[in-house]
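Input: a single structure, listed below in structure tokens.
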Amino acid sequence: MIKTGTLFRIIFLLIIVKFFLSGVYVYSEYTKDRKPKEGPAYNCPPEFSDLLLIEKRRLLERAKELEVKERELKLLEQKINEQMNALTELSQEVEEKLNKISAIRDERIKLLVKAYSEMSPRKAAEQLLNMDREMAIKILSQMKSTQVASILSAMPPDKAATLAEALSGFPPREY
């Protein structure tokens with residue numbers, strides 16, 4: 001004999017299967033009768049449908065414009081990168097040339113330092129007084145202190161004091 005609890009379960013299961021099968025049948029009938037509508041593309045009043053179509057066309061045109069602009073921007077970015085690379089190379093070349101010029105200038109100053117070191121202090125003092133002050137300071141700053149002392153002692157005291165202050169690196173004092 002079947003117990004009542006088992007009987008209720010079987011009945012409940014059959015009811016669920018019946019509802020499921022009826023739902024599948026209703027859905028299949030519903031989809032079978034649906035035909036694609038002709039006319040407006042949207043399920044709304046025609047005036048809204050027309051507006052939506054116009055807006056869709058406008059958005060598509062805008063998307064095409066944006067694609068063109070994006071391509072142009074990529075080309076510009078590529079050109080800018082090429083120009084940046086060229087400028088970097090040019091900057092490196094300029095820096096190398098400036099370093100060469102600086103090295104040549106340093107060599108020439110060393111040559112002048114050697115020449116003034118071999119002169120008599122009186123002759124060196126006369127020539128240093130007649131040249132640009134900055135150049136005289138560069139030359140004197142690379143000489144030995146005994147040579148600088150000899151040359152400064154051969155100069156008039158006011159000129160020697162001015163050059164000595166400039167050699168110290170401190171700004172000139174006012175009396």
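Kindly indicate whether residue 80 is of a type in the set (A, V, I, L, M) and loosely packed, with under 13 Cβ neighbours inside 10 Å. First the steps, then the outcome.
On the way: of a type in the set (A, V, I, L, M): yes; loosely packed, with under 13 Cβ neighbours inside 10 Å: yes.
When the stated conditions are applied, residue 80 passes them.
Determine which member of the set 21, 66 is assigned to a helix (DSSP H, G or I) and at pLDDT 80 or above.
66
Any chance the stretch 123-130 includes a residue that's free of Cβ contacts under 8 Å to residues at least 60 places away in the same chain and either in contact with a Cys (Cβ under 7 Å, 6 or more places away or on another chain) or exposed (fewer than 10 other Cβ atoms within 10 Å of the Cβ) (or both)?
Taking the stretch 123-130 and keeping what is free of Cβ contacts under 8 Å to residues at least 60 places away in the same chain, we get 123-130.
Now restrict to residues that are either in contact with a Cys (Cβ under 7 Å, 6 or more places away or on another chain) or exposed (fewer than 10 other Cβ atoms within 10 Å of the Cβ) (or both): 130.
Yes; the residues of the stretch 123-130 include at least one that is free of Cβ contacts under 8 Å to residues at least 60 places away in the same chain and either in contact with a Cys (Cβ under 7 Å, 6 or more places away or on another chain) or exposed (fewer than 10 other Cβ atoms within 10 Å of the Cβ) (or both).
The values are calculated or read from the model by the stated rules, or taken from the named source; none is laboratory data. The shown structure was predicted, so the numbers you read here are calculated from the model rather than taken from an experiment. When we count neighbours, we look across all protein chains shown, and the Cβ atoms used for this are built from the backbone with ideal geometry, even at glycine.
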